[in-house]
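Throughout, read-outs are computed from the coordinates displayed, never taken from laboratory work. Keep in mind that what you see is a predicted model, and the values were worked out from it rather than measured. Virtual Cβ from ideal backbone geometry, glycine too; neighbours counted across all protein chains shown.
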Amino acid sequence: MKGSPVTVAVYLPSEEKSQDWCNMLGELLPGWKVEPMHAVSDPSAIEYGVVWRPKTGDLAQFPKLKAIVSIGAGIDHVLADAALPQDVPIIRTVGTDLTQRMREYVALHVLRHHRNMPDILASQAKSEWNQIVVPPATRRKVGVMGLGNLGKVAAQTLAGLGFDTHGWARSPREVGGVTCHAGTEGFDAFLEGTEILVNLLPLTGETRGILNASLFNKLARGACVINAARGPHLVDQDLVDALASGQVAQATLDVFHVEPLPSDHPFWSHPQITVTPHIASMIDAPTGGQIIAANLRQFEAEGSVPDLADARRGY
């Protein structure tokens, strides 16, 4: 009826977190009705879904859904819903804070691998004075797979540190200070001689399992791999085998097929793997809430926002 509040349903895997986000968004969207998805009183009234890893069928219960908001830059967790309503726009949550967090994470771990910190720490544990000498960054080829919002800034940051930085994307890109490669025809040249590989690709049917034995064998021997995109990009056993053979020397993994990573997973104790708990560009609630509220207001007023995703491409 005319004058009814705009209605929003919120889902996170934790009911407590769902309620916290509802409280926050309710304050940022005065006059709107914001409910946790598990407690929605009238599904036929819901116009927006704000979600992180929704269960299959959660969103299909809302016949008047205008848009779905992903609490994060990726939308693969939304597309994983086999019952996802078709033709409902999906809005990504991106912003300068998330980009800054990712550039910090990538710079940190590229520098860790470049300066061989895992071996230095291992030497410290044995009280060994091990003066490991590495080449300067200008003689270290680093490759960034994925040159979207996060990948572009990460690559520029690495170039600014002096690394011989290369980037790869599905379609041609231009990034200052970065040698860019594109498409299947440019993939092998991008990988050849790469000593530190950073994966920031979106997860699609084409990129699932891209971090595999074939790719590892095209890197420089003893390369390091950083995956800060999505767990299913990686074929786990192929990485373990590459580490055992010496083709890959070290890996830093922030994302996994199952999260949280099970406590008995071998990655936790593998001496050549650094595990971080999906924190590379983890959105904090206050920042995310401001971005989401602004996007919802704009979409409600104009029917679109700049951060609309393309479900057909997967990002």
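Take the Cβ atoms of residue 310 and residue 221, set R0 to 45 Å, and the FRET efficiency comes out at 0.75.
The phi torsions of the range 161-177, fed into the Karplus equation with coefficients 6.51, -1.76 and 1.60 and a -60° offset, translate into couplings of 7, x, 5, 6, 9, 10, x, 9, 9, 5, 10, x, 9, 10, 10, x, x Hz, rounded to whole numbers, with Gly and Pro shown as x. Panel order for 62, 267, by other beta carbons found within 10 Å of each beta carbon, from fewest to most: 267, 62.
Considering Cα pairs under 8 angstrom that are at least six residues apart, work out the relative contact order of the range 44-166 and quote it in whole percent. List each step's numbers first, then the result.
Working: 149 pairs, mean separation 22.5, N = 123.
Here the relative contact order equals 18 percent.
Residues whose amide H lies under 5 Å from that of residue 7, counting only those 5 or more places away or on a different chain, are 33, 47, 48; hydrogens are built 1.01 Å from N in the peptide plane. Annotation: amide H-H contacts under 5 Å for residue 193 (H modelled 1.01 Å from N, sequence separation of 5 or more, or interchain): 220.
Please give the calculated 222 nm ellipticity per residue for the chain, where each DSSP H segment of at least 4 residues contributes -39500 (n - 2.57) and the sum is spread over every residue; nearest 500 deg cm²/dmol? All intermediate terms of the calculation are to be shown ahead of the outcome.
Values: 9 runs with 99 residues, N = 315.
The helix-only estimate for the chain comes to -9500 deg cm²/dmol at 222 nm.
Please give the contour-minus-distance gain from residue 41 to residue 115: 0.36 nm per residue of separation, less the Cα-Cα distance, rounded to one decimal in nm. If you can, show how the numbers build up before the last one.
Working: separation 74, 0.36 × 74 = 26.64 nm, distance 5.61 nm.
Stretched fully, the residue 41-residue 115 segment lengthens by 21.0 nm.
Could you tell me which chymotrypsin sites (Phe, Trp or Tyr not before Pro) in the range 121-176 are loop residues by DSSP with no more than 11 other beta carbons within 10 angstrom of their beta carbon? Display every interim value, and only then the final one.
Details: sites: 129, 163, 168; in loops: 129, 163.
Here the sparse-neighbourhood loop sites are 129.
Applied to the range 83-91, the Karplus parametrisation 6.51 cos²θ - 1.76 cosθ + 1.60 on θ = phi - 60° returns per-residue 3J(HN,Hα) values of 9, 4, x, 7, 6, 8, x, 10, 9 Hz, with x for Gly and Pro.
Considering only 199, 212, 23, the mean-square fluctuation computed in a Gaussian network model of the chain, springs between alpha carbons under 10 angstrom, is largest for 23.
If Lys and Arg each add +1 and Asp and Glu each add -1, what is the summed charge of the other residues whose beta carbon sits under 12 Å from the beta carbon of residue 292?
+1
For the range 97-275, how big is Rg over Rh, using alpha carbon atoms and the Kirkwood form of Rh?
Details: Rg = 15.6 Å, Rh = 16.5 Å.
Expressed as Rg/Rh, it is 0.95.
Can you tell me the relative contact order of the range 97-275? Whole percent, Cα pairs under 8 Å, sequence separation 6 or more.
Details: 309 pairs, mean separation 29.0, N = 179.
Answer for the range 97-275 is 16 percent.
Using just the alpha carbons, could you tell me how many Å³ per residue the convex hull of the range 203-315 encloses?
Values: hull volume 14.2 nm³, N = 113.
Each residue corresponds to 126 Å³ of Cα convex hull volume.
Of the beta bridges in the range 97-275, as assigned by DSSP with both residues counted there, near 0 percent are antiparallel.
The lysine pair count for the chain, using Cα distances under 19 Å and pairs eight or more places apart or on different chains, is 11.
Once R0 is set to 25 Å, what does the formula 1/(1 + (r/R0)^6) return for the Cβ-Cβ distance between residue 300 and residue 171, expressed as a FRET efficiency to the nearest 0.05? The computed FRET efficiency comes out at 0.20.
Spatially, the range 113-127 and the range 174-192 are offset by 31 Å when compared through their Cα centroids.
Less than 5 angstrom separates the built amide H of residue 90 from those of 68, 309, all sequence-distant by 5 or more or on a different chain. Computed from label points 7 Å out along Cα-Cβ, the spacing between residue 161 and residue 182 is 2.7 nm. Based on Cα contacts under 8 Å between residues 6+ apart, the chain shows a relative contact order of 15 percent. Here the Karplus relation 6.51 cos²θ - 1.76 cosθ + 1.60, evaluated at θ = phi - 60°, turns the backbone of the range 95-106 into coupling constants of x, 5, 5, 5, 5, 4, 4, 5, 5, 5, 5, 5 Hz, with x for every Gly and Pro. Of the trypsin sites (Lys or Arg not before Pro) found in the range 64-172, those in coil by DSSP whose Cβ has at most 15 other Cβ atoms within 10 Å are 64, 115, 126. Report the residue, chosen from 39, 280, 228, that carries the largest GNM mean-square fluctuation when the chain is represented by alpha-carbon nodes joined by springs under 10 Å. Largest GNM mean-square fluctuation: 39.
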